[in-house]
Amino acid sequence: MAAGCPKQYLHIAGQSILQHSVNAFLGHAAIEQVFVVVSPDDAYVAGELQPDARLAVLFCGGATRTDSVLNGLLAIQSRLQPQDWVLVHDAARPGINSTLIGKLIEQVGDHEAGGLLATPVADTVKLHSGTQITTVPRTGLWLAQTPQMFRILPLIAALNHARLKGIEITDEASAIEATGAAPVLVLGHWCNTKITQPDDLTLVESWLSKPVQS
């Protein structure tokens, strides 16, 4: 992003990216508590996140996404029952809204494996390997989004299992899948895109000005 601070603290539509993400969860009645995991030496969150009775900041972030998620889950485990649901969200997706969160909760329901928001691949996919370029059939291909919704104890077990086995984990669903379970794919929306490049800021800001109802 070529920014002077972590991208979750950049501002769009008058608030930090992190604040937009948090607002969506605080705005849904089914969410009892929101935990934000940041690094132990984070110097920004106090000034970029508005206090709320249902919001707590955990200074236990790790070197990777997986480390941060697992550290956060372990930090809150004693407050929850083993089969309580947790929704893990990437703060760099500020276009998330309460409608999408509600859709995820409703469609996952009591599914034993949990689920996640995702969108089907619409473009032609090319695999570039050395000098070879191959078209990959896109049928059945989906792009994973967040939040991803799982019961806390099975998710902790899955993340620990992946770490023990040296399995590369790119999201929580991949850890669950490595145990043999099959999470539900719930149709997401492009408003929930991940900010990875400067141009994404303008795109997401346009969605925030006109919230998408999905």
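Go through region 75-82 residue by residue and turn each phi into a ³J(HN,Hα) via Karplus (6.51, -1.76, 1.60, θ = phi - 60°); whole Hz please, and just put x for glycine and proline.
Going residue by residue, I get 5, 9, 4, 5, 8, 10, 7, x Hz, with x marking Gly and Pro.
Over the chain, what per residue volume does the convex hull of the Cα atoms give, in whole Å³? Could you put the intermediate results ahead of the total?
Details: hull volume 32.6 nm³, N = 214.
In the chain, the Cα hull volume divided by residue count equals 153 Å³.
Please check: in the Gaussian network model of the chain (C-alpha springs, under 10 Å), which one of GLN132, GLN50, GLN107 has the largest mean-square fluctuation.
Looking only at GLN132, GLN50, GLN107, the largest GNM fluctuation is found for GLN132.
Roughly what % antiparallel, to the nearest 5, for the DSSP beta bridges in the chain?
Numbers: 16 of 24 bridges.
Antiparallel: roughly 65 percent of the beta bridges in the chain.
So for the pair HIS28, TRP142, with labels modelled 7 Å out along Cα→Cβ, what separation do we get in nm?
1.5 nm
Rounded to whole Hz and in sequence order, give me ³J(HN,Hα) for region 100-108 from the Karplus expression 6.51 cos²θ - 1.76 cosθ + 1.60, θ = phi - 60°, writing x for Gly and Pro.
Working through the residues one at a time gives 5, 4, x, 4, 4, 4, 5, 7, 6 Hz.
GNM on the chain, C-alpha springs below 10 Å: top fluctuator among GLY109, GLY166, GLY140?
Comparing GLY109, GLY166, GLY140 in a Gaussian network model of the chain, the most mobile one is GLY140.
Restricting to DSSP H runs of at least four residues, report the calculated mean residue ellipticity at 222 nm for the chain, -39500 (n - 2.57) per run over all residues, nearest 500 deg cm²/dmol.
Details: 7 runs with 69 residues, N = 214.
It comes out at -9500 deg cm²/dmol, rounded to the nearest 500.
Between beta-carbons, use under 11 Å as the cut-off and find the net charge around TYR9, counting Lys and Arg +1, Asp and Glu -1. Write out the running numbers ahead of the final one.
Values: positive: LYS7; negative: ASP42, GLU48.
Computed value for this residue: -1.
Relative contact order for the chain: what is it in percent, counting Cα pairs under 8 Å that are at least 6 residues apart? Don't skip to the end; give the middle numbers.
Values: 329 pairs, mean separation 48.0, N = 214.
Computed over the chain, the figure is 22 percent.
If amide hydrogens are placed 1.01 Å from N in the peptide plane, which non-local residues have theirs closer than 5 Å to the one on LEU55?
Here VAL34 satisfy the definition.
How long is region 46-95 along each principal axis, judged by its Cα atoms, biggest number first, in Å?
Here the spans come out as 32, 28, 23 Å, largest first.
Just want the ordering: HIS128, HIS11, HIS20, from fewest to most Cβ atoms lying within 10 Å of their own Cβ. Walk me through the intermediate numbers first.
Working: HIS128 8, HIS11 14, HIS20 23.
Result, fewest neighbours first: HIS128, HIS11, HIS20.
For region 7-209, what is the number of Lys pairs with C-alpha distance below 30 angstrom, counting only pairs 8 or more positions apart or on separate chains?
Numbers: LYS7/LYS103; LYS7/LYS126; LYS7/LYS194; LYS103/LYS194; LYS126/LYS194; LYS165/LYS194.
Going through region 7-209 pair by pair, I get 6.
For a bin width of 5 Å, list the pair-distance distribution of region 120-177 built from all Cα-Cα distances, rounded to whole %.
Percent of pairs per bin, in order: 4, 16, 18, 14, 16, 14, 12, 5, 1, 0.
Take the chain, connect every pair of alpha-carbon atoms lying under 10 Å apart with a spring to form a Gaussian network, then pick out the residue of ASN71, ASN97, ASN160 with the largest mean-square fluctuation.
ASN160
Bear in mind these aren't lab numbers, they're just calculated from the coordinates by the rules spelled out. The structure presented is a predicted model; accordingly, all values stated were derived computationally and were not measured. We place every Cβ from the backbone using ideal geometry, glycine too, and count neighbours over all the protein chains shown.
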